[in-house]
Every structure is written in structure tokens, then in C-alpha cells.
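Inspection log for the structure reproduced underneath, given as C-alpha cells.
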Amino acid sequence: MGLLTRKKTIYAANVADEDLAGGNEMVDRLREMAEKEGATVVVVSAQVESELVELSDDERVDFLESLGVKLEDTGLRRLVKEAYELLGLQTYYTSGPTETRAWTIQRGWTAPKAAGVIHNDFERGFIRAETISYDHLVKCGSESEAKNKGLLRSEGKDYVVQEGD
């Protein structure tokens, strides 16, 4: 039992939709307890999350604004972000003409190790990878424009993959 109790913890506090933005007395008490433990609290409304699935993008933003919450601050998104942080995980992307995929890796992995998540042959045969951050790609609008601006890099075996590469 000692090993289990030493694990880091994330508490998910399920609240009514009207308490999503500011929490409530129970959430405050949970935060106090979690702070003593070195744990994290994420406020979630299961009801709101189930309703968000049914809405269009514009309706989703309007609905969340009416609750005083930003789209990036929804409980599910924050819960995933906190879990990745707690577990030391990050995401990198691969993209081709027909498909873009997200891959989960441990923070601090080198490019060959990250390539091995796709297929172990990629790790063994890794030489170089063309890399660009997600933010730069979106800002430029295309891979060719990013290349023209010098934002597309060629990284070797020692490159430590960054979040969102």
C-alpha cells in the first residue's frame, strides 16, 4: 500500500455548470487538502462536457462564455494537460500529404527514440528529421512558407524533441 500512496495525484472535482468557472466551497476544501499533499485539482463539469460534444464550434465557444470559461480551460482539456504534465509526457506530430498524426512520448526523448514510437525500424534507421514547431507552421500557413522563412529545421540523432514539434 505504501507504494500506491506515494503516487502523485490529480483530483478531478465534478461540479455543477454554474460552479465551473469559480468553483465552490467543496472545491476550495479539496484544493487545501491537495496543496498539503502536493497534488493538483482540476475542476470539471461532466454535464458541461457531455453538452459540449453535441455543439458546433461556434456554439461551444458561446456556451462556455456564458459560463465564464474559455474553450482552452474546459475541464477535460485541463485534465488531459495535467495528466501529461504529471506523467512527464508530451506530443509531437507527423504530417504527410494525406494524414497528420499526434504521437505521445516521454519528455526528454531524442528524435530516434520518438521515431521508434511510430515503428521500431524508424528508431534503428534514424538519420535526420525535418522539424518545425506547430505554432510556426500555423503562423506560416504552409510547410513551404515555413521553409522559405527558415523555420523548417533538419535535426539529427541528438535532437531532443520539443512539445508540439
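The values are calculated or read from the model by the stated rules, or taken from the named source; none is laboratory data. Quantities reported herein were computed from a predicted structural model and do not represent experimental measurements. Neighbour counts are summed over all protein chains in view; Cβ atoms, including those assigned to glycine, are modelled from backbone coordinates with ideal geometry. In case anyone asks, the SASA skips ligands and DNA or RNA and just uses the protein heavy atoms, side chains included. Shrake-Rupley method; radii C 1.70, N 1.55, O 1.52, S 1.80 Å.
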>> With the requirement that a residue be surrounded by 16 or more Cβ atoms within 10 Å (Cβ to Cβ) and either within 22 Å of the chain's Cα centre (by Cα) or charged (D, E, K, R) (or both), what does segment 124-133 give you?
In response: Thr131, Ile132, Ser133
>> What's the total number of residues in segment 141-165 that are surrounded by 13 or more Cβ atoms within 10 Å (Cβ to Cβ) and among the small types (Gly, Ala, Ser)?
In response: 2
> In segment 31-79, what residues are under 17 Å from Glu18 (Cβ atoms) and of a type in the set (Val, Ile, Thr)?
Replying inline: Val43, Val44, Val48, Val69, Thr74
>> I'd like the full set of residues that are acidic (Asp, Glu) and either open to solvent by less than 90 Å² (accessible area, probe 1.4 Å) or assigned to a strand (DSSP E or B) (or both), limited to segment 67-80.
In response: Asp73
>> Give all pairs with beta carbons closer than 6 Å in which a residue from segment 22-45 that is within 24 Å of Arg6 (Cα to Cα) and touching a residue at least 24 places away in the same chain (Cβ under 8 Å) meets a residue that is open to solvent by 40 Å² or more (accessible area, probe 1.4 Å) and basic (Lys, Arg); count only pairs at least 6 apart in sequence or on separate chains.
In response: Val41/Arg31; Val42/Arg78
>> Among the residues in segment 37-52, are any polar (S, T, N, Q), exposed (fewer than 12 other Cβ atoms within 10 Å of the Cβ), farther than 23 Å from Ala83 by Cβ and out of contact with any Lys or Arg (no Cβ under 8 Å at 6 or more places or on another chain)?
In response: no
> Could we say that Ala83 is small (Gly, Ala, Ser), open to solvent by less than 40 Å² (accessible area, probe 1.4 Å) and assigned to a strand (DSSP E or B) here?
Replying inline: no
> Which of the residues that make up segment 120-165 are over 18 Å from Thr91 (Cβ atoms), free of Cβ contacts under 8 Å to residues at least 40 places away in the same chain, part of a loop (DSSP other than H, G, I, E, B) and out of contact with any Cys (no Cβ under 7 Å at 6 or more places or on another chain)?
Replying inline: Gly125, Phe126, Ile127, Arg128, Gly141, Ser142, Gly150, Leu152
> Can you find a residue in segment 90-105 that is open to solvent by less than 60 Å² (accessible area, probe 1.4 Å), more than 27 Å from Ser142 (Cβ to Cβ), in contact with a strand residue (DSSP E or B) (Cβ under 6 Å, 6 or more places away or on another chain) and modelled with pLDDT of 90 or more?
Replying inline: no
> In segment 106-131, how many are of a type outside the set (Lys, Arg), within 25 Å of Ala83 (Cα to Cα) and in contact with a helix residue (DSSP H, G or I) (Cβ under 7 Å, 6 or more places away or on another chain)?
Replying inline: 3
> In the set Leu52, Leu30, Leu64, which member is of a type outside the set (Lys, Arg) and either at pLDDT 90 or above or not in a helix (DSSP H, G or I) (or both)?
Replying inline: Leu30
